[in-house]
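Notes for the one structure printed next.
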Amino acid sequence: MTILHTCTIQKTRAAINRLHILFHSSLIILLFYYRLSHLAAGAVAVLPWALITTAELIFSFIWILTQPFRWLPVVRTVFPQNLNNNLLPGLDVFICTADPIKEPVVEVMNTVISALSLEYPPDKLAVYISDDGGSPLTRYAVKEAFGFAEIWVPFCRKYLIKTRCPEAFFSPLADEERMVLGDEFNEDQLSTKCAYEEFKNNIKNKACKLKQLITHDRPSHVEFFFLLCKVIHENKGGNEENINEQSKLPLLVYVSRERRPSSPHRFKAGALNALLRVSGIMSNGPYVLVLDCDMYCNDATSARQAMCFHLDENMSSSLAFVQYPQIFHNVGKNDIYDGQARSAYKTKWQGMDGLRGPLFTGTGYYVKRKALYGYPNREDIFLREAERNFGWSSELITSLKGENQKKSYTETLQESKRLTSCIFEEGTQWGNEVGYSYYCLLESTFTGYLLHCKGWKSVYLYPNRPCFLGCAPIDMKDALVQQMKWSSGLLQVGVSKFSPLTYGISRMSTLQSMCYGYFTLVTLNAIALVIYGTVPQLCFLGGVPVYPNISSPWFAVFACIYSSALIQHLYEVKSSGGSIKTWWNEQRMWVIRLVTGCLFGVVDFVMNYLGLSKAKFRLTNKAMDKEKVERYEKGKFNLDGAEVFMVPMTLLVVVNMVSLVGGFGRMVLSWDGGLSLMEMFGQVIVCCVGLIISYPVLEGILLSKK
């Protein structure tokens, strides 16, 4: 039997994790015994004690939800060389963009070109780009991108280029790859680079000529705004015998949905569902790769690697998707904002993979199309009432049944316009039972959660060479806007009827539902941290102890809990290839994110829940600013535009400074009957740690004032 992949349990790591769980759990039990027994005895200040105990309960609850990630971590290896090329299924690539300003067009087109360059049979590959901005610049750029791809793709195939994103290939990132090739390559490279520069200049010149880049209300001007769905290229027609095998290109389709202010937009989930329908009547690939517009293909073999799982007969029947990590090419060596999200992609996702698989990350995943339409081994359940579930399109329903259909170009184009209209989904189950869910703005994460609830599985693959590379936020504002969006959306799920701890736990394993519970409720740590960042400090200022005397055995319990958490985190960082600096940056950003982005996420959720505001889709700015890049590379925090986010953090810094100075002053001046440093040592440590962590924020505030 041909081996396509292997799965290795990290036994040493799992054993260490389980021992730590036992040790840390024992300490937590002792902590709450101390808190509750002293509170019951009435020998403490009730309000501060109760607040601190509440914060510790929240921290402990979230910590418990974190432990399934550490229970059974696994690592997977694939053998794509064992695949039979003739058996490779059709594959559709979905790329979504919405704003040519925040998502620079040239960067988006690099993603498109890299997808066209995937090492996959071109007649089985199709690339779809959704333009939710309805931008004439994006539409023009797609045509230009395909023109350049006619040069670029054969060039990559001829020289077996690994880096198939042109911007990355012509940058210092690919210096080593370019140096090992010969003279003929140098000549071809020069001409290809000239073509690429011309491609970029054409887009730049077009942008200068356009007065309007985005159209939110698209009137019935078919040639520009109304239901645009143009097939830029299709190699299925014509005389293919005259086309050099090296020059064949995949199908490329540009789609811009109809958009009306009076109709719900549904944001990215709506765009993906529209692409599912359009691709269904065009290429109808059984598998779909979804990419963020800035997440280019860095390894052309990623599709073949994913198929090592999807084509495995032992797991394919219940496998919904293969998830790759998000890795970013612009993360500096200091990674001051923890942009690489090491704890997620090198710890949590591997841990979930040992259960029933990781969640949808939003990009870089290969999903089975039928998984979005039904249950494992019952994918056709919604076809029993096809029109009610999928809409009144005979062409779409025919494609869902896997039947061949022969339609002319004009007929397919007209039907595509109908499938992307505002009214098509009315009275259907799109966004509810089929396709991407509209319940939450985090469409991929929530849809992946529902897939697991239906019984589907997923796998996680972290290859040595990153298969996809994207662009991480390099200033505090963009990082915190993103964090607020995630926090608000996930908390919405966590307290809803779909809560993983109620709805999920009855449909999936307890450990997996706890993992999802962590993601949806971790934002509550923001409330706990605000309490911990104010109450002990104010009590120190007022001379009220909330921790044991340093000479008491109970003080060792608190010290051990704090040390245990720090050491466990350090072990995870070091075992995943990180450094002490990585550990410190993650500690620091954990606090900053909670007190800023997560706290605002809680506020945003509450306001949405009370009807005081409406949920908004906040697009992350992908445009790079030279000054921001320079400051980021120097390891300096950039707080420009993030002043509002920094208000809670600034207030906590002030509270810590005033409390520390005032508390010491109180001890010095109150010799008679005053509390000693031994009694208040725990609160002194909390104040000092808070100020140390806050130092880069203070530095950033001072720099932003200059």
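Just to be sure I understand the filter: pairs with C-beta atoms under 7 Å, separated by 6 or more residues or on different chains, first member in the range 389-400 and within 17 Å of residue 421 (Cα to Cα) and among the polar types (S, T, N, Q), second member open to solvent by 10 Å² or more (accessible area, probe 1.4 Å) and outside any loop (DSSP other than H, G, I, E, B). Which pairs pass?
389/382; 393/415; 393/418
Please note which helices (runs of 4 or more DSSP H) are completely contained in the range 321-436 and include at least 2 residues that are open to solvent by 10 Å² or more (accessible area, probe 1.4 Å) and among the charged types (D, E, K, R).
The helices (runs of 4 or more DSSP H) meeting that bar are 386-390, 409-419.
Check 57, 51 and return the single one that is out of contact with any helix residue (DSSP H, G or I) (no Cβ under 6 Å at 6 or more places or on another chain) and at pLDDT 95 or above.
Only one candidate passes the filter, namely 57.
Need the failing condition index for residue 139 against (1) surrounded by fewer than 22 Cβ atoms within 10 Å (Cβ to Cβ); (2) touching a strand residue (DSSP E or B) at 6+ places or on another chain (Cβ under 9 Å); (3) at pLDDT 95 or above, just the number.
Only one criterion is unmet by residue 139, namely (3).
Given the conditions (1) open to solvent by less than 30 Å² (accessible area, probe 1.4 Å); (2) over 25 Å from the mean Cα position of the chain (by Cα), which single one is not true for residue 95?
Of everything listed in (1) open to solvent by less than 30 Å² (accessible area, probe 1.4 Å); (2) over 25 Å from the mean Cα position of the chain (by Cα), residue 95 misses just condition (2).
Determine which single condition residue 123 fails, assuming it passes every other condition in (1) out of contact with any helix residue (DSSP H, G or I) (no Cβ under 7 Å at 6 or more places or on another chain); (2) buried (at least 22 other Cβ atoms within 10 Å of the Cβ).
The number of the failed condition is (2).
How many of the residues making up the range 294-315 are under 22 Å from residue 3 (Cα atoms) and open to solvent by less than 30 Å² (accessible area, probe 1.4 Å)?
Counting residues in the range 294-315 that are under 22 Å from residue 3 (Cα atoms) and open to solvent by less than 30 Å² (accessible area, probe 1.4 Å) gives 11.
Restricted to the range 273-296, and to residues that are within 16 Å of the chain's Cα centre (by Cα) and in a strand (DSSP E or B), which residue is farthest from residue 357 (Cα to Cα)?
Filtering first and then ranking leaves 296.
Return only the number of the condition from (1) in contact with a Phe, Trp or Tyr (Cβ under 9 Å, 6 or more places away or on another chain); (2) surrounded by fewer than 21 Cβ atoms within 10 Å (Cβ to Cβ); (3) closer than 29 Å to residue 356 by Cα that residue 489 does not satisfy.
The single condition residue 489 does not satisfy is (2).
Considering each of 14, 43 in turn, give the residue that is hydrophobic (A, V, I, L, M, F, W, C), outside any helix (DSSP H, G or I) and either closer than 21 Å to residue 548 by Cβ or touching a residue at least 12 places away in the same chain (Cβ under 8 Å) (or both).
43 is the lone residue from the list that is hydrophobic (A, V, I, L, M, F, W, C), outside any helix (DSSP H, G or I) and either closer than 21 Å to residue 548 by Cβ or touching a residue at least 12 places away in the same chain (Cβ under 8 Å) (or both).
In the range 462-486, which residue that is touching a Gly at 6+ places or on another chain (Cβ under 8 Å) and closer than 30 Å to residue 5 by Cβ is surrounded by the fewest Cβ atoms within 10 Å (Cβ to Cβ)?
This residue is 467.
Within the range 635-649, is there a residue that is under 30 Å from residue 44 (Cβ atoms), among the aliphatic types (A, V, I, L, M) and either assigned to a helix (DSSP H, G or I) or open to solvent by 40 Å² or more (accessible area, probe 1.4 Å) (or both)?
Yes: the range 635-649 contains one or more residues that are under 30 Å from residue 44 (Cβ atoms), among the aliphatic types (A, V, I, L, M) and either assigned to a helix (DSSP H, G or I) or open to solvent by 40 Å² or more (accessible area, probe 1.4 Å) (or both).
Looking at the structure I just gave you, is residue 132 within 23 Å of residue 436 (Cα to Cα) and surrounded by 24 or more Cβ atoms within 10 Å (Cβ to Cβ)?
It is true that residue 132 is within 23 Å of residue 436 (Cα to Cα) and surrounded by 24 or more Cβ atoms within 10 Å (Cβ to Cβ).
Against the condition more than 30 Å from residue 631 (Cβ to Cβ), out of contact with any strand residue (DSSP E or B) (no Cβ under 8 Å at 6 or more places or on another chain) and modelled with pLDDT under 95, how does residue 502 come out, does it pass?
no
Among the numbered conditions (1) of a type in the set (Ser, Thr, Tyr); (2) in contact with a Leu (Cβ under 7 Å, 6 or more places away or on another chain); (3) surrounded by fewer than 24 Cβ atoms within 10 Å (Cβ to Cβ), tell me where residue 449 comes up short.
Of everything listed in (1) of a type in the set (Ser, Thr, Tyr); (2) in contact with a Leu (Cβ under 7 Å, 6 or more places away or on another chain); (3) surrounded by fewer than 24 Cβ atoms within 10 Å (Cβ to Cβ), residue 449 misses just condition (3).
What's the total number of residues in the range 412-429 that are free of Cβ contacts under 8 Å to residues at least 12 places away in the same chain and closer than 14 Å to residue 278 by Cα?
Total satisfying the criteria: 1.
Which of the residues belonging to the range 64-92 are more than 23 Å from residue 126 (Cα to Cα) and either open to solvent by less than 30 Å² (accessible area, probe 1.4 Å) or free of Cβ contacts under 8 Å to residues at least 24 places away in the same chain (or both)?
Passing the criteria: 65, 66, 67, 68, 69, 73, 74, 78.
So residue 631 fits all but one of (1) under 23 Å from residue 596 (Cα atoms); (2) more than 30 Å from the chain's Cα centre (by Cα); (3) open to solvent by less than 60 Å² (accessible area, probe 1.4 Å); (4) at pLDDT below 80; what number is the exception?
Here residue 631 clears every test but (2).
Please verify whether the range 274-289 includes one or more residues that are open to solvent by less than 10 Å² (accessible area, probe 1.4 Å), of a type in the set (Lys, Arg), in contact with a Leu (Cβ under 8 Å, 6 or more places away or on another chain) and over 21 Å from residue 489 (Cβ atoms).
yes
Looking at the range 101-131 only, could you name the residues that are part of a loop (DSSP other than H, G, I, E, B) and either over 20 Å from the mean Cα position of the chain (by Cα) or modelled with pLDDT of 95 or more (or both)?
Hits for the range 101-131 are 101, 117, 118, 119, 120, 121.
Of all residues in the range 494-531, which are outside any helix (DSSP H, G or I), touching a Cys at 6+ places or on another chain (Cβ under 8 Å) and open to solvent by less than 40 Å² (accessible area, probe 1.4 Å)?
508
Wholly within the range 535-600, which helices (runs of 4 or more DSSP H) include no fewer than the required count, namely at least 2 residues that are under 34 Å from the mean Cα position of the chain (by Cα) and closer than 21 Å to residue 653 by Cα?
Answer list for the range 535-600: 580-593.
Pull up the range 147-204, narrow it to residues that are more than 19 Å from residue 108 (Cβ to Cβ) and outside any helix (DSSP H, G or I), then point me to the one that is least open to solvent (accessible area, probe 1.4 Å).
161
The values are calculated or read from the model by the stated rules, or taken from the named source; none is laboratory data. Just so we're clear, the structure is a prediction, and the values are computed from it rather than from any experiment. A quick note on method: Cβ atoms are made from the backbone with ideal geometry, for glycine too, and the neighbour counts reach across all protein chains shown. Just the protein is used for accessible areas: all its heavy atoms, side chains included, with ligands, DNA and RNA removed. Shrake-Rupley method; radii C 1.70, N 1.55, O 1.52, S 1.80 Å.
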